[in-house]
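The values are calculated or read from the model by the stated rules, or taken from the named source; none is laboratory data. As the structure is a computational prediction, the values presented were derived from the model and not from experiment. Every residue, glycine as well, gets a Cβ built from its backbone with ideal geometry; the counts of neighbours run over all protein chains shown.
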Amino acid sequence: MKNVPGKVLATSVVAAAVLAPSVVQADEMEVEVTTIVVDDDGVLKSVDYDEVVNELLDGERDGLYSYIMEHDMVGIGVNDDTIVDFDAYIDVLVSSDSSDEDILQQMIEDGEYLFTEEEEASVTPWNGENLAPHDIQGAGHFSPYEGEEVNNVKGVVTHNLDQGYFPKGFYIQSLEEDGDIGTSEGLFVVSDKEIEPGTVVSVSGMVEERKPDLPDYMSTETQMTTTQVAATEVMEMSTGADVPEPVTLAEDRPQPDEIDNDELTSFDPEEDAIDYYESMEGMRVDFNNPTISSPIDYSEVAMLPEGADVPETKAGGARLTEDDKNPERIIVDLDGYVDNDSYPATVGDTMDGSITGIVDYDFGNFQVLATEAPPELNQQDYQPGATELTRDSGKLNVATYNIENFTPEDAGQKANRIAESIADNMKQPDVIGLVEVQDNTGNEDDGTVSGEESAQTLIDAIEAAGGPTYEYSEIPPVDNAEGGEPGGNIRVGFLYNPDRVSLKDGAEKGGSEEAVAYENGDLTLNPGRVAPNSDALQGSRIPLAAEFTFQGEDVVVVLNHFNSKSGDDPLFGLEQPPERGSEEQRHAIAEEVNGFVDGILEDDPDANVVVMGDLNDFQFSKTLDILKGDDLTNMIDTLPEDEQYTYNFTGNSQVLDHILVNNDLAGSTTADILNINSDFSVAEDRASDHDPVLAQIDFGFDGWSAEEVVTYMKENLDIGYKAGDSEDSVTQDLILPNEGFDGTTISWSSSNEDVVTADGIVTRPETGTGDEVVTLTATITNGAEVQTEEVTLTIPEEAPAVDISEARALDGGMQAKVQGEITAINGSNYYIEDDTAGIVVYDENGNIDAEVGDVIEVQGATGAYYGQEQITVAYADSVMIAEADADALEPATVTGADIGEDTEAELVTLENVEITEAREYGEFTAVDGEGNTFIVDNEFTDVPVEVGDTLDSITGVVVYTFEEYKVAPRVESDLQ
């Protein structure tokens, strides 16, 4: 048997023989065998020949030798720069009497049976490891290879990712599992490549632990990480492989009922949910027949797998308790499958079928990135309800309501929704503590601190919704000193119904830095701020105390908005149990407010005190224990447990908003939480992200007589007019009240049912027929007492249609009828255009069923939403499709200098474009062929460009967001 350098390694028999020297002298040239090349499942790998020889001479068989024996040898590396085909070499060797060296020399000289340059370039050194995703992941939260370069990590591609805050890349799973549930079989690969799922790849690169890409104001210090390989090389080895079947959560692997029970000192996926999800990071998973546990937000919905054992809310969601943080919740990212603004997910809705996706981590939570469209929602018959605290002439109704950064810009749909919830669902409380009222210019940082115009916007909307004309009292904050959105100056303030209560006379309103006290049975300032100069309240909202008089009884109400939980460790974070650093300030604020209440009750033990607001902490928290002290009772604790929630955070329904009363009042106070927002999505008309909390205090007064009640209701009869309407001009349906205090009923009749029905439905006279005058008669009944009141209304004839440019010039709140072709749709916003201009049509109640290219005729109220002109359509009969699938509207060719108010909402094209700068939130700065700068926005779709790209043209709709005009491409083909 010949002693052949390559053949020696072909079998264990030959390998045991004495090896020939690696350098031999042939007749005309020196031949040095330097490497052996093997086929490692489609990837060519080279091993050092001398190292193999040394290993065998040392008697070792577990390293290079074993690796070579497990794979097919395909080449012999000679003289460092030439690779001879191994099979060809063996064929010649077997049929020739020449020496090994002569054969190698001849093959090199002839140039036959040598690797091509391309084949040689594909050969990579073997690093001594055959790695799979489970090796890179390891049984823990950090990879054992973190910070190391790895080669030849093989797996099958399961999904490509290019969205949101995630890096671009793809997921792979191991070709063979290791049988260890602690080591995930999945892995994320950072790469610009998009590879067909089912492709087997070999990946080389740096192993990293990726923190979430959070906004600047959020810390990543205690956020978990995602193990990934930043690829330097990706080789596609084969296609058509089966993608691994998903692991079925809660079935294949039961869910732990604790997030962590050992402070992360051990890794136990069967006991700790934080380890459970980590052990499947990057893997395909599914879960069956889920229940919705949160409204949609940023395309994410929290869900509960079938059979999840959680403390339930009345809606069927998961309720956060002191002992249960509900780790069974699964955050599902539905990006690309549903629209955030129109997806009607309501807590308690269900799905028949499975959610399938990949486990990853972002914003403090493990989540499932959906890789398939979700099953259809089974929407339960669950609607926002009204309080059972009926209007009673002898009882005081108070409420606290966080209205989420409310400004005059919210006039329209948001103001109307909040107003309707106050007028109808909350039944018009006597005193409402508003939380998160911004100043008159919103987040414009211009030194404005007053919020009077913001409040008036809401007061007008409440009146239009059929509610009373409230009055408002506040003390402006110090500019940019009390938290919230920069420039917004959020504060707390009181709405009160002057027909029912009054601010007690005798004390002046306090200033922003004046501290109120309680002396001789009254507040020294009314209203006044509690401890505005205390260190405890620095950077946070200052509590506001006001003294109201109700039928001769004085009540001090202290309204609060404690500092937020911003900066606290996430439930699923590197610190276990999570540190809640923000609660230290809440404890200090609670001590200040408790001390203030102590002072009131020391001065007057018979005083009536209500403390309420958004306290940003739970009913079982230390903050509430401090606040209650020995003086107060939290009325939240008196409610059924499944009703105890005012807010939903990532699927955990929880209490943040509270009403407390002094202990002597507790027995005569009844509370109610109206879950009209936190269970519902934007598409389901939520008015805010918080639910209002109400309390009714029974002072033991005798109610009014039937005659007094009916007379009061007659004198204060409030008809609700839509925006821009009054009794002199009614163009839209009316809101007609049907109940009042003490069980009073109100019925209506009309002098002309064809124009205004007894239910308030308005049908305007046709154009050219003239206006109509209609009399509505209200019959007000309480027992045997009956009185009537007439209201005379003018209903103008239908307005003739106007072109869009004329509609844009109308004052806000005016009715307009326009016709235009739909050029783009974003949720409830329809961009339409005619020959004169473009405008946004806001579909307030989901009445428009039309597509891009349809010509629609709409009638609605004009106005501006954050500076962008729009028409709000509120009723189905205000929409008509004039022409379906019309000829595509040709975009106007413009320059960057033309992008502005004159082209707002129009479809335009800009030519010879270069992308010059990446901005925040997926936007770019660009320059057109004439050197004009403009902004490319991602209002409708992510923009697949990079800095330096040049384009023949960009087509898009001109939008106005964040005080800038931008061009928003609708689809990828808008970029040429």
Go through the range 651-672 and count every residue that is surrounded by 21 or more Cβ atoms within 10 Å (Cβ to Cβ) and outside any strand (DSSP E or B). 4
Return the pairs, sorted by first residue and then second, in which the second residue is basic (Lys, Arg) and part of a loop (DSSP other than H, G, I, E, B), the first residue lies in the range 680-697 and is without any contact (Cβ under 8 Å) to a residue 12 or more places away in the chain, the beta carbons are less than 7 Å apart, and the residues are 6+ apart or on different chains. none
Would you mention how many residues in the range 602-637 are within 20 Å of residue 542 (Cα to Cα), of a type in the set (D, E, K, R) and touching a Phe, Trp or Tyr at 6+ places or on another chain (Cβ under 8 Å)? 2
Out of 422, 432, 459, report the one residue that is outside any strand (DSSP E or B) and buried (at least 22 other Cβ atoms within 10 Å of the Cβ). 422
Residues to consider are 953, 973; find the one that is over 25 Å from residue 167 (Cβ atoms), in a strand (DSSP E or B) and among the small types (Gly, Ala, Ser). 953
With the condition kept exactly as written, say whether any residue in the range 343-356 is touching a His at 6+ places or on another chain (Cβ under 7 Å) and either in a loop (DSSP other than H, G, I, E, B) or surrounded by fewer than 23 Cβ atoms within 10 Å (Cβ to Cβ) (or both). no
Note on residue 396: of the conditions (1) among the hydrophobic types (A, V, I, L, M, F, W, C); (2) out of contact with any Leu (no Cβ under 8 Å at 6 or more places or on another chain); (3) not in a strand (DSSP E or B), unmet is (3)
Condition met for residue 177 (closer than 19 Å to residue 138 by Cβ, surrounded by 22 or more Cβ atoms within 10 Å (Cβ to Cβ) and among the acidic types (Asp, Glu)): no
Please list, ordered by first then second residue, the pairs with beta carbon atoms under 8 Å, 6 or more apart or interchain, first in the range 715-734 and β-branched (Val, Ile, Thr), second modelled with pLDDT under 90 and buried (at least 18 other Cβ atoms within 10 Å of the Cβ). 730/721; 731/722; 731/724; 731/725; 731/815
Residue under question is residue 822, and the condition is that it be surrounded by 22 or more Cβ atoms within 10 Å (Cβ to Cβ) and in contact with a Phe, Trp or Tyr (Cβ under 9 Å, 6 or more places away or on another chain); does it hold? no
Of all residues in the range 830-844, which are under 30 Å from residue 335 (Cβ atoms) and crowded, with 21+ Cβ neighbours inside 10 Å? 830, 831, 832, 833, 838, 839, 840, 841, 842, 843
Name the residues in the range 559-582 that are buried (at least 23 other Cβ atoms within 10 Å of the Cβ) and either of a type in the set (A, V, I, L, M, F, W, C) or in contact with a Leu (Cβ under 7 Å, 6 or more places away or on another chain) (or both), would you? 559, 560, 562, 572
Applying the selection to the range 806-829, what residues are within 27 Å of residue 335 (Cβ to Cβ) and either among the hydrophobic types (A, V, I, L, M, F, W, C) or free of Cβ contacts under 8 Å to residues at least 24 places away in the same chain (or both)? 822, 824, 825
Only one of 552, 521, 567, 573 is outside the structural domain of residue 219 (by TED's automatic domain parsing), under 34 Å from the mean Cα position of the chain (by Cα) and at positive phi. Can you tell me which? 567
Please enumerate the residues belonging to the range 145-204 that are of a type in the set (Val, Ile, Thr), closer than 20 Å to residue 253 by Cβ and touching a Gly at 6+ places or on another chain (Cβ under 9 Å). 158, 183
The range 527-552, residues that are of a type in the set (A, V, I, L, M, F, W, C) and outside any strand (DSSP E or B): 530, 531, 536, 537, 542
Quick check on my filter: what residues within the range 890-937 are surrounded by fewer than 16 Cβ atoms within 10 Å (Cβ to Cβ) and either aromatic (Phe, Trp, Tyr) or touching a helix residue (DSSP H, G or I) at 6+ places or on another chain (Cβ under 6 Å) (or both)? 921, 932, 933
Based on this model, can you work out whether residue 405 counts as outside any helix (DSSP H, G or I) and either under 25 Å from residue 556 (Cβ atoms) or of a type outside the set (Ser, Thr, Tyr) (or both)? yes
Lone unmet requirement of (1) over 28 Å from residue 346 (Cα atoms); (2) part of a loop (DSSP other than H, G, I, E, B) for residue 680: (1)
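Table: residues versus (1) touching a strand residue (DSSP E or B) at 6+ places or on another chain (Cβ under 8 Å); (2) among the β-branched types (Val, Ile, Thr); (3) modelled with pLDDT under 80.
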residue: 9; (1), (2), (3): yes, no, yes
residue: 13; (1), (2), (3): no, yes, yes
residue: 19; (1), (2), (3): no, no, yes
residue: 31; (1), (2), (3): yes, yes, yes
residue: 35; (1), (2), (3): yes, yes, no
residue: 45; (1), (2), (3): yes, no, no
residue: 49; (1), (2), (3): yes, no, no
residue: 74; (1), (2), (3): yes, yes, no
residue: 84; (1), (2), (3): yes, yes, no
Has the range 840-854 got at least one residue that is over 25 Å from residue 687 (Cβ atoms), assigned to a strand (DSSP E or B) and touching a strand residue (DSSP E or B) at 6+ places or on another chain (Cβ under 6 Å)? no
Tell me the residue from 941, 925 that is part of a strand (DSSP E or B), hydroxyl-bearing (Ser, Thr, Tyr) and outside the structural domain of residue 337 (by TED's automatic domain parsing), please. 925
Residues of the range 736-785 being under 30 Å from residue 701 (Cα atoms) and among the β-branched types (Val, Ile, Thr), which ones? 744, 745, 746, 779, 780, 781
Filtering the range 916-941 down to residues that are touching an Asp or Glu at 6+ places or on another chain (Cβ under 9 Å), of a type in the set (D, E, K, R) and closer than 24 Å to residue 852 by Cβ yields 923, 937
Just to be sure before I move on: is residue 218 touching a residue at least 12 places away in the same chain (Cβ under 8 Å) and either assigned to a strand (DSSP E or B) or within 16 Å of residue 366 (Cα to Cα) (or both) in the structure I sent? no
All-but-one check, residue 162 against (1) free of Cβ contacts under 8 Å to residues at least 24 places away in the same chain; (2) surrounded by fewer than 16 Cβ atoms within 10 Å (Cβ to Cβ); (3) over 25 Å from residue 40 (Cα atoms), failing number (1)
Going through the range 378-403 one residue at a time, which ones are more than 30 Å from residue 353 (Cβ to Cβ), in contact with a Ser or Thr (Cβ under 8 Å, 6 or more places away or on another chain) and not hydrophobic (A, V, I, L, M, F, W, C)? 401, 402
Residue list for the range 512-526, filter: surrounded by fewer than 14 Cβ atoms within 10 Å (Cβ to Cβ) and part of a loop (DSSP other than H, G, I, E, B): 513, 520, 521
